[in-house]
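The values are calculated or read from the model by the stated rules, or taken from the named source; none is laboratory data. Since the structure is predicted, the reported quantities are computational estimates derived from the model, not experimental observations. All Cβ positions, even for glycine, are placed from backbone atoms using ideal geometry, and neighbour counts span all protein chains on display. Note: accessible area is taken over every heavy atom of the protein model, side chains too, but ligands, DNA and RNA are not part of it. Shrake-Rupley method; radii C 1.70, N 1.55, O 1.52, S 1.80 Å.
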Amino acid sequence: MKNKLTRRDFIRISAVGAGVLAAGGLGIKELITSAAECQYSETKTLLGTSITITLVDSSRDNAEAKVKDTFAEIERLSSVFNRFDITSELYRLNKSGQAIGASSEFVSVLSSAQYCAELSGGAFDPTVLPALTLCQESFAKAKDKTKLPFSVAQLDEVKYLVDYKEMSIKGKDVVLGRNGMALTLDGIAKGYIVDKATEYLRGRGVSQVIVEAGGDLALQGMREDGQPWKVGIQNPRSGIIGDCYDVIQSSNACMATSGDYENAFTPDYKYNHIIDPRTGFSPQELCSATVIARDTLLADALATAAMVMGVDETLKLLESLDGAEALLIGKDLKSYTTSGYRALSEHLST
């Protein structure tokens, strides 16, 4: 039997104080149940997604003040990484091809992106934006969604601009090596921001907290009965809001889910926002990848990489990383997991 949650996209969270699965970002205020005096939740739209913070504190005033301060920090970080904001460092880098004297946060995320690109053999590549833009714009204009709306020549032109090795980071200076290169940090910046928000709250004495940003999620603490939180993972093909493919348990987790259903260009999901940087096309083996890792930034990047790498490469890579686990769901809805994932899993749909 499948469990129910709410929201269609990404990771779904559940707190089971009453034995039912609660909402994700839209109903996250119901997630934490505690003997503490107050639980407080707030959601804002930043980086093109809903970010929700829920925490338990001794009073509403204390909780509200901490959440307010945390969102102020998130807004500051969002202004660094938003590629649509003409004042952001990422926008300026994409426009000019260089960022001289970049902020520590910007350099940190770009350095992490380079690391994840190397780690995944280029399956995760922040310079994939030109290929993604070609697909987005071409399919948006196409009348026939069953045919490729761009030519091989157009694809070759943008593929030349996709190569993370052409991004140079020296101290606080970032330079893109080819004219027309551009970055998207959509597959890593949200994870970084979730980590920073959680770290910020932890430094202020918060021990029970959930921070969720469009499916990137970090949680800490236990339920009121002393049991771990339960986290539901969306069924990528059910078409039913809140249909949960699997449930895991954790009291301290960082995770992210990537899926072809999140932003599909065609009704059959064949072409979607997940682009293999090496081919310029959407990969065809998986429809969903959930990764648990040491931090949300790494989970975010590896979930994207997993969609590109497919089952064998992903499992081989994650088995070599300490604390990394994954649930991969194929286009046929068959599941594949790392060796340690089943220890976290309450049940697995087949």
field: the stretch 232-295: C-alpha gyration tensor shape, a/c 1.5 cut-off, then a/b vs b/c
entry: oblate
query: If contacts are Cα pairs under 8 angstrom and at least 6 residues apart, what is the relative contact order of the chain in percent?
result: 19 percent
- prompt: What part of the accessible area of the chain, given as a whole %, is carbon or sulfur when the probe is 1.4 angstrom?
  reply: 49 percent
message: Can you give the local net charge around VAL158? Use residues other than it whose beta-carbon is closer than 14 angstrom to its beta-carbon, Lys and Arg +1, Asp and Glu -1.
response: -4
message: With θ taken as phi - 60° and the coefficients 6.51, -1.76 and 1.60, list the Karplus ³J(HN,Hα) couplings across the stretch 296-310 in order, rounded to whole Hz; mark glycine and proline as x.
response: 6, 4, 5, 4, 4, 5, 6, 5, 5, 4, 4, 4, 7, 6, x
query: What FRET efficiency, computed as 1/(1 + (r/R0)^6) with R0 = 25 Å and r the Cβ-Cβ distance, is obtained for SER104 and THR45, rounded to the nearest 0.05?
result: 0.45
statement: Listed residues ILE193, ILE329, ILE100; largest mean-square fluctuation, Gaussian network over the chain with Cα springs below 10 Å, found at ILE100
- request: Please find, in a Gaussian network model of the chain (springs between Cα atoms separated by less than 10 Å), the residue of VAL211, VAL175, VAL152 whose mean-square fluctuation is greatest.
  value: VAL152
query: By how many nm would the segment from GLU73 to LYS270 grow when fully extended, if each residue of separation counts as 0.36 nm and the alpha-carbon distance is taken off?
result: 67.2 nm
statement: the chain, Gaussian network, Cα under 10 Å: of GLY177, GLY122, GLY259, the residue fluctuating most is GLY177
statement: Whole-Hz Karplus couplings 3J(HN,Hα) for the stretch 330-344, θ = phi - 60° and coefficients 6.51, -1.76, 1.60, Gly and Pro as x, run x, 4, 8, 6, 6, 9, 9, 9, 6, 5, x, 5, 5, 5, 8
- prompt: Spin-label point model (7 Å from Cα, Cβ direction): what's the LEU333 to GLU313 distance in nm?
  reply: 2.7 nm
task: Would you mind finding the longest exposed-site-free stretch of the chain, with exposed chymotrypsin sites (Phe, Trp or Tyr not before Pro) meaning DSSP loop and at most 15 other Cβ atoms within 10 Å?
output: 161-280
query: In terms of Cα to Cα distance under 23 Å, which lysines are near enough to LYS143, apart from those fewer than 8 places away along the same chain?
result: LYS270
field: Derived scalar couplings ³J(HN,Hα) [the stretch 119-132; Karplus, 6.51 cos²θ - 1.76 cosθ + 1.60; whole Hz; x for Gly, Pro]
entry: 4, 9, x, x, 5, 9, 8, x, 8, 6, 3, x, 5, 5
- line: Charge tally for neighbours of SER339 with beta carbon under 9 Å away, counting Lys, Arg as +1 and Asp, Glu as -1, is -1
